[in-house]
Structures are given as C-alpha cells and as structure tokens.
Amino acid sequence: MKKLLLVFMPLVLAACASQAGWQFKDNPDQYGLYVAAANIYMDTPIAVKNAATGEVVALNVKHYGDATGYVIASLPPGRYELQSYTPDGMTNVPLTTANGYFDVQANCFNYGGQYNFGVDANGAPTYNDTTTLKDIEGLPHALREYAQGRDICSAGMGQKNERLAAADVQGQLDL
C-alpha cells in the first residue's frame, strides 16, 4: 500500500498543480503564478483580497503526503491583502496587520515563501513568512517545474516584490 501511495502522490500533486496553474500557463501576460508553503495542517482556504478590485479570492492549501501545505494559484498582477484562514476547517480566523500583504507580477513565478501561522499568549492570531530563493528547490517537483525558464519574483509578506530574470536564476537554482 505504501508503494502504491508513493506512486500516486506525485500524480495527484501534478494534477492539482496544473489545475491551479492553467491560467498562468495559458495567459502569462495576464497572470502571475503565486506559490507558497504553509504550516496549516488541513486542506483549507486562505482568503486574500485584491487591493485594487476588492475581489476576495480563496487560496486553497493542499497537502501531499506530509504536514506542509502548499498554495498555488494563478492571480492577476497586483497587491493581495491577507483576510482570513480556517486552521481547523470551521473556525474563520481574521488576518489583518499592516504587513499582511504580498504582491504578484504577471509572467512570473511569484514565490511567497514559508508561512507560519500561530497564536500569541493572548490567543490572537500571529503569522509571518520567510522567503529564500533556494527554498524553491525544496518545493514538490510539480510546483518547482513552473519556475523552470521563468522569471522569479519574491512575493514575501509585507515586502516589495522583486523580479529576477530567468537567465540570472538559471545557474542559482536546481529545478
């Protein structure tokens, strides 16, 4: 059974990733691909709002055999503000701080890094992220392959989005 699971998990991940990335693949000038990892232990959404349009979008967290959840979404370029998440599948936890946003650029693999959600001593939600270019190498293959031959944009929380040309990234990452 374990061997069977090891065979099918990459196929499931690839299918889910391709669904979320099809708009980016088909229309890269109109969409950026947003990818992040999160310590959310259920397949549940993170709600974000497009700052320019006010549209609220659900970024679905998916798990593929381990505790780390992954977000992958084709998004129009712009600033997205974190709104809420549901850590247990039922409780809606608001996420609002001055740095609770990320930017997405079109025709770019926008890497949001590793999100860490928690609770402070008073029970209020806390969250932060870390973004390192080399962390992209640790993403599942089905997500990493979107970065091959693409510009990489840093889509870290509360940070200016910076773009690295594909030619500059090629020698730095093993994708």
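The values are calculated or read from the model by the stated rules, or taken from the named source; none is laboratory data. This one's a predicted model, so the numbers in the text were calculated from it and none came from an experiment. Neighbour counts are summed over all protein chains in view; Cβ atoms, including those assigned to glycine, are modelled from backbone coordinates with ideal geometry.
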(message) Just the residues that are under 25 Å from residue 25 (Cβ atoms) and of a type in the set (S, T, N, Q), please, taken from region 102-128.
(response) 105, 107, 110, 114
(message) I'm trying to understand the selection: among the residues of region 25-39, which are crowded, with 16+ Cβ neighbours inside 10 Å and in contact with a Pro (Cβ under 9 Å, 6 or more places away or on another chain)?
(response) 31, 32
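Per-residue answers, yes or no, for (1) under 19 Å from residue 60 (Cα atoms); (2) charged (D, E, K, R); (3) buried (at least 17 other Cβ atoms within 10 Å of the Cβ); (4) at pLDDT 85 or above:
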position: 77; (1), (2), (3), (4): yes, no, yes, yes
position: 82; (1), (2), (3), (4): yes, no, yes, yes
position: 87; (1), (2), (3), (4): yes, no, yes, no
position: 91; (1), (2), (3), (4): yes, no, no, yes
position: 104; (1), (2), (3), (4): yes, no, yes, yes
position: 121; (1), (2), (3), (4): no, no, no, yes
position: 134; (1), (2), (3), (4): no, yes, no, yes
(message) So if I check each of 133, 75, which one is among the aliphatic types (A, V, I, L, M), within 13 Å of the chain's Cα centre (by Cα) and under 27 Å from residue 26 (Cβ atoms)?
(response) 75
(request) Output the residue which, of all residues in region 1-25 that are within 18 Å of residue 112 (Cα to Cα) and of a type in the set (A, V, I, L, M), is modelled with the lowest pLDDT. (result) 17
(request) Using the structure shown, decide if residue 158 is assigned to a loop (DSSP other than H, G, I, E, B) and either hydroxyl-bearing (Ser, Thr, Tyr) or surrounded by 12 or more Cβ atoms within 10 Å (Cβ to Cβ) (or both). (result) yes
(message) Suppose we filter 59, 143 for residues that are buried (at least 19 other Cβ atoms within 10 Å of the Cβ), free of Cβ contacts under 8 Å to residues at least 40 places away in the same chain, closer than 12 Å to residue 35 by Cα and not charged (D, E, K, R); which single one remains?
(response) 59
(message) Just to be sure I understand the filter: pairs with C-beta atoms under 8 Å, separated by 6 or more residues or on different chains, first member in region 26-43 and modelled with pLDDT under 90, second member assigned to a loop (DSSP other than H, G, I, E, B). Which pairs pass?
(response) 40/87; 41/67; 41/87; 42/86; 42/87; 42/88; 42/89
(request) Go through region 93-113 and give me each residue that's under 16 Å from the mean Cα position of the chain (by Cα) and either of a type in the set (Val, Ile, Thr) or in a strand (DSSP E or B) (or both). (result) 101, 102, 103, 104, 109, 110, 111, 112, 113
(message) Of everything in region 139-162, what is polar (S, T, N, Q) and touching a Leu at 6+ places or on another chain (Cβ under 7 Å)? Give them in sequence order.
(response) 148
